[in-house]
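The values are calculated or read from the model by the stated rules, or taken from the named source; none is laboratory data. Only a predicted model underlies this, so the values are computations on that prediction, with no experimental measurement involved. Cβ placement follows ideal geometry from the backbone for every residue including glycine, while neighbour counts extend to all protein chains displayed.
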Ligand code: SF4
């Protein structure tokens, strides 16, 4: 059997702009393909397999060079090694997308090797809807940021799958938080349902409410991006969630405010 391969979109060094580890420096590996179609998606270029991958040559210099897909495991290890300079720069490696769990067979071989090579923690950003694939890669993950898709905001509804993913992370003793993106269309009922489901599984799970960004570009030409919630909505939702869960935080995307990709 040959070396496993993956479809990648880009590899680069950046500051994490979302969730409770906002501001930490990560090597981002962005995988191609997603099987969801969230209304607020700002990574729609990742929905289909990418013909090529953009690889930053030196951490943070944005000196990208384009290479064809698919990418072998050995090639990706070499690119990550190139980013891992100087070695103290990064706090972790972020697996993002697209949906990284669509590459679970590749990850089960890649993750033990990249952990051994870099000694960096592995952080997975996932839609939280693929419990079978999560189970395959969970042993090598250190932290998981999993979405809980609110149907009124995303157009996607995967509550049972989200619950399965959260249960697995908690049972494995992993660091995990749930992120729910809210737009002006978000309903109280969706927020309450998500919070009650989480409370029934692991009530101490941090719940990150992420208001849709006012800086988002249109996903399709001539189509406005989803409207951000009003300040009053955000405060009301925070109060609502705090009646059910003790750890609720409102954290907007920070990377867009500093013009970072
Ligand atoms: S899961 Fe993520 S990448 Fe996929 S459509 Fe939703 S927001 Fe976009």
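Okay, residues lined up against (1) under 15 Å from the mean Cα position of the chain (by Cα); (2) closer than 25 Å to residue 233 by Cα:
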{"position": "85", "(1), (2)": "no, no"}
{"position": "90", "(1), (2)": "no, no"}
{"position": "106", "(1), (2)": "no, no"}
{"position": "124", "(1), (2)": "yes, no"}
{"position": "130", "(1), (2)": "yes, no"}
{"position": "135", "(1), (2)": "no, no"}
{"position": "146", "(1), (2)": "yes, yes"}
{"position": "150", "(1), (2)": "no, yes"}
{"position": "172", "(1), (2)": "no, no"}
Number of the exception - residue 161 against (1) in a helix (DSSP H, G or I); (2) surrounded by 21 or more Cβ atoms within 10 Å (Cβ to Cβ); (3) at pLDDT 95 or above: (2)
Does region 18-39 contain any residue that is farther than 30 Å from residue 205 by Cβ, at pLDDT 95 or above and out of contact with any strand residue (DSSP E or B) (no Cβ under 6 Å at 6 or more places or on another chain)? no
Applying the selection to region 133-162, what residues are within 13 Å of the ligand (Cβ to nearest atom) and under 21 Å from residue 200 (Cα atoms)? 145, 146, 147, 148, 149, 150, 151, 157, 158, 161, 162
Being part of a loop (DSSP other than H, G, I, E, B), more than 15 Å from the ligand (Cβ to nearest atom) and modelled with pLDDT of 95 or more: is that true of residue 129 here? no
Can you find even one residue in region 24-32 that is buried (at least 17 other Cβ atoms within 10 Å of the Cβ), over 19 Å from the mean Cα position of the chain (by Cα) and away from the ligand (no atom under 16 Å from the Cβ)? no
For the subset of region 40-53 comprising residues that are modelled with pLDDT of 95 or more and surrounded by fewer than 17 Cβ atoms within 10 Å (Cβ to Cβ), which member is nearest to the ligand (Cβ to nearest atom)? 48
For residue 123, only one of the following conditions fails: (1) part of a strand (DSSP E or B); (2) more than 16 Å from the ligand (Cβ to nearest atom). What is its number? (2)
Could you please let me know if residue 93 is within 20 Å of residue 19 (Cβ to Cβ) and free of Cβ contacts under 8 Å to residues at least 60 places away in the same chain? no
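Give the residue, chosen from 48, 26, 85, that is out of contact with any helix residue (DSSP H, G or I) (no Cβ under 6 Å at 6 or more places or on another chain), without any contact (Cβ under 8 Å) to a residue 40 or more places away in the chain and closer than 25 Å to residue 130 by Cβ.
One residue alone meets the criteria, 48.
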Single residue of 94, 50 found to be in contact with a strand residue (DSSP E or B) (Cβ under 7 Å, 6 or more places away or on another chain), under 30 Å from residue 151 (Cβ atoms) and not in a loop (DSSP other than H, G, I, E, B): 94
Quick check on this structure: which one of 180, 116 is part of a strand (DSSP E or B) and either closer than 23 Å to residue 47 by Cα or out of contact with any helix residue (DSSP H, G or I) (no Cβ under 7 Å at 6 or more places or on another chain) (or both)? 180
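Has region 8-21 got at least one residue that is on the phi > 0 side of the Ramachandran plot, within 14 Å of the ligand (Cβ to nearest atom) and surrounded by fewer than 22 Cβ atoms within 10 Å (Cβ to Cβ)? Explain how you work it out, then say what you get.
Residues of region 8-21 that are on the phi > 0 side of the Ramachandran plot, as a first pass: 19.
Filter once more, so that each one left must be within 14 Å of the ligand (Cβ to nearest atom): 19.
Those still in the list that are surrounded by fewer than 22 Cβ atoms within 10 Å (Cβ to Cβ) too: 19.
Among the residues of region 8-21, at least one is on the phi > 0 side of the Ramachandran plot, within 14 Å of the ligand (Cβ to nearest atom) and surrounded by fewer than 22 Cβ atoms within 10 Å (Cβ to Cβ), which makes the answer yes.
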Odd one out for residue 155, checked against (1) crowded, with 18+ Cβ neighbours inside 10 Å; (2) in contact (Cβ under 8 Å) with a residue 60 or more places away in the chain; (3) under 23 Å from residue 35 (Cβ atoms): (1)
